[in-house]
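**Student:** Starting off with a structure, shown below.
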There are 2 protein chains.
Amino acid sequence: MERDVATLCCPPVTAGVLGEDDAAELAALFKVLADPARLRLLSMVAAADAGEACACDLVEPVGRSQPTVSHHLGLLVEAGLLEREKRGKWAWYRVVPDRLAALREALGPVPAGPR
Amino acid sequence: MERDVATLCCPPVTAGVLGEDDAAELAALFKVLADPARLRLLSMVAAADAGEACACDLVEPVGRSQPTVSHHLGLLVEAGLLEREKRGKWAWYRVVPDRLAALREALGPVPAGPR
DNA sequence: CTTACATATTGACAAGTGTCGATGTGATGG
DNA sequence: CCATCACATCGACACTTGTCAATATGTAAG
């Protein structure tokens, strides 16, 4: 069984020097976002009608083969960025907003907090 | 000359479906963050005393060879996340906060605005 | 059961990437 | 000049990764 990325996450980058382990964990998360196909899939699910999208509706617009799309969706789920629910023969995906927020905070503290 | 990543950046992921080109550009940026050594270097420069750090002080703590560190710093500069200034025989690096902020916003709109 | 369909898994391969040793480039100091 | 130091570039190599065709798994319909 390989390293599970989806557990916790994200000591902020701008505050303090990251240790090798924290850095590796964060890097693994960014690696999931470091692919055009995955970013497009993520945005497609985020823009879907009821907040969820069927895999069957993602294959054609993303312009990759069905196995490739399934592979990318699997990585996004493993990283905790998407949730999968199987209904009948279809697989439905939703974004996990908290996970995205955590990633965002890892890039620095809140932008401009009122004091 | 290859694709320069440091020009503009970042149509947000959560609003609308990304096109292949925008996705590729964003992915290229995330790819730079998708490495433990680079994340550590970034955090080290961010945590440096006067807001800048000499490359000579980064090699040992990051635990990689000098050429490897130079390579990673070069990628961070090319991505616009760091600025380099040569003074004498030393190279000094500063973070580019706007660039980090842009990346953060690409992960979604502002977290939770007071209504 | 059989067929059809949606999705996941496997195997294979080309391309990309992190790493280091060796070497190149410039600046500083004798 | 010549030696030294800081940094960048080059060449090579092991390892990772995105991709697809083929196949397996599982569900629904007849």
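Read-outs: derived from the displayed coordinates by stated rules, not from any lab. Just so it is clear, the model here is predicted, and its values are computed rather than measured. Positions of Cβ are generated from backbone atoms using ideal geometry, with glycine treated the same way; all protein chains shown enter the neighbour counts.
**Student:** Please give the calculated 222 nm ellipticity per residue for chain B, where each DSSP H segment of at least 4 residues contributes -39500 (n - 2.57) and the sum is spread over every residue; nearest 500 deg cm²/dmol?
**Tutor:** -13500 deg cm²/dmol
**Student:** Next up: Return the Rg/Rh ratio of region B:8-73 with Cα-based radii and a Kirkwood Rh.
**Tutor:** In region B:8-73, Rg relative to Rh is 1.12.
**Student:** Got a sec to turn the phi values of region B:25-42 into Karplus ³J(HN,Hα) couplings, 6.51 cos²θ - 1.76 cosθ + 1.60 with θ = phi - 60°, whole Hz, x for Gly and Pro?
**Tutor:** 5, 5, 4, 4, 5, 5, 4, 5, 7, 8, 8, x, 4, 5, 4, 5, 4, 4
**Student:** Please list 3J(HN,Hα) in residue order for region A:93-109, calculated via the Karplus relation 6.51 cos²θ - 1.76 cosθ + 1.60 where θ = phi - 60°; whole Hz, with x for glycine and proline.
**Tutor:** 10, 10, 7, 10, x, 4, 5, 5, 5, 4, 4, 5, 5, 5, 8, x, x
**Student:** Oh, and also: Given the options B:Val17, B:Val32, B:Val69, state which has the largest fluctuation in a GNM of chain B using a 10 Å cut-off (strictly under) for Cα springs.
**Tutor:** B:Val17
**Student:** While we're on this one: Please report the Cα spread of the protein assembly as shown along all three principal axes, rounded to whole Å, starting with the longest.
**Tutor:** The principal-axis extents, from largest down, are 66, 42, 38 Å.
**Student:** So what is the orientation-averaged projected area of chain B, using the convex hull of its C-alpha atoms, in nm²?
**Tutor:** So the Cα hull casts an average projection of 9.2 nm².
**Student:** Please find, in a Gaussian network model of chain B (springs between Cα atoms separated by less than 10 Å), the residue of B:Ala15, B:Ala37, B:Ala53 whose mean-square fluctuation is greatest.
**Tutor:** Greatest mean-square fluctuation among the candidates belongs to B:Ala15.
**Student:** While we're looking at this one, here's another question. Quick one: if you stick a label point 7 Å off each Cα along the C-beta vector at B:Asp57 and A:Ala101, how many nm between them?
**Tutor:** Spacing of the two 7 Å Cα→Cβ label points: 3.6 nm.
**Student:** What does the average come to when, for each residue of peptide A:42-54, you count the partner chain Cβ atoms lying within 10 Å of its Cβ?
**Tutor:** Going residue by residue through A:42-54 and averaging, the value is 3.
**Student:** Follow-up question, since we're still on this one. How many nanometers, to one decimal and shortest first, lie between the label point of A:Ser70 and those of its other copies, if labels sit 7 Å from Cα toward Cβ?
**Tutor:** For A:Ser70, the other copies' label points sit at 4.7 nm, shortest first.
**Student:** Averaging over every viewing direction, what projected area does the convex hull of the Cα atoms of region A:49-94 cover, in nm²?
**Tutor:** Result: a mean projected hull area of 3.2 nm².
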